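The next block holds one structure in the form of structure tokens; read it before the comments.
The values are calculated or read from the model by the stated rules, or taken from the named source; none is laboratory data. None of these values were measured; they are calculated from a predicted model. Quick reminder, even Gly has a Cβ in these numbers, built from the backbone with ideal geometry, and neighbours come from all protein chains shown.
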Amino acid sequence: MAGKEKKARKPAKRDEKGRFVSPINGQPVPDSPASKAQRFQTGGERARQAGIASGAARREKGDLRKLCQLWMEEEVATGKDGEKITGGQMMVRVAVKEVAKGNPRFWELLRDTAGFKPVDKVMVSEVEPAVIAEVEEMVKEAGE
């Protein structure tokens with residue numbers, strides 16, 4: 001095995017138009033549309049395209065967020081006594097009606113929106129319980 005050397009790979013042949021040609025019959029090798037777009041891209045080019053796509057997605061989400069905020073501030077209906085109702089007020093009224101019907105999802109929505117969402121605790125199993133108790137005690141003291 002020590003005497004065997006790897007054969008160097010021959011570079012692919014191209015015709016005068018820059019297309020790959022078959023080593024068997026010299027005919028151009030057809031490209032699929034998908035492979036054509038990605039075949040000759042470097043890592044930097046792919047990263048650039050991914051960054052552009054990511055930015056477009058973030059802008060789209062931001063636009064949707066702004067649209068929702070505008071709707072929540074905008075007058076969307078008039079109440080029975082002629083009061084103007086904004087989208088946010090209407091959303092809260094619908095959520096309260098759903099809570100009255102017993103829908104727990106809307107109860108959670110109202111609780112979380114009001115700022116009373118409980119904090120999730122995550123326990124790491126590899127840490128000794130004494131260390132966890134010590135950290136929790138320090139956090140408790142800092143909060144006082």
Has region 37-55 got at least one residue that is closer than 23 Å to residue 109 by Cβ and either basic (Lys, Arg) or modelled with pLDDT of 85 or more (or both)? no
For region 48-83, what are the residues that are within 21 Å of residue 113 (Cα to Cα) and among the hydrophobic types (A, V, I, L, M, F, W, C)? 64, 67, 68, 70, 71, 72, 76
Restricting the search to region 79-97, which residues are assigned to a helix (DSSP H, G or I) and farther than 17 Å from residue 111 by Cα? 87
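Within the bounds of region 61-76, is there any residue that is in a loop (DSSP other than H, G, I, E, B), of a type outside the set (A, V, I, L, M) and loosely packed, with under 10 Cβ neighbours inside 10 Å?
Keep residues of region 61-76 that are in a loop (DSSP other than H, G, I, E, B), which gives 74.
After this cut, where a residue has to be of a type outside the set (A, V, I, L, M) as well, the list is 74.
Then drop every residue that is not loosely packed, with under 10 Cβ neighbours inside 10 Å, which leaves none.
No, there is no match, as no residue in region 61-76 is in a loop (DSSP other than H, G, I, E, B), of a type outside the set (A, V, I, L, M) and loosely packed, with under 10 Cβ neighbours inside 10 Å.
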Assess whether residue 116 counts as being over 23 Å from residue 67 (Cα atoms) and of a type in the set (Phe, Trp, Tyr). yes
Quick one: would you say residue 31 is modelled with pLDDT under 90 and surrounded by 12 or more Cβ atoms within 10 Å (Cβ to Cβ)? yes
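For every residue, the table says whether it meets (1) under 30 Å from residue 136 (Cβ atoms); (2) modelled with pLDDT of 90 or more.
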{"residue": "82", "(1), (2)": "no, no"}
{"residue": "94", "(1), (2)": "no, yes"}
{"residue": "98", "(1), (2)": "no, yes"}
{"residue": "110", "(1), (2)": "yes, no"}
{"residue": "124", "(1), (2)": "yes, no"}
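Quick check on my filter: what residues within region 98-117 are in contact with a helix residue (DSSP H, G or I) (Cβ under 7 Å, 6 or more places away or on another chain) and part of a loop (DSSP other than H, G, I, E, B)?
117
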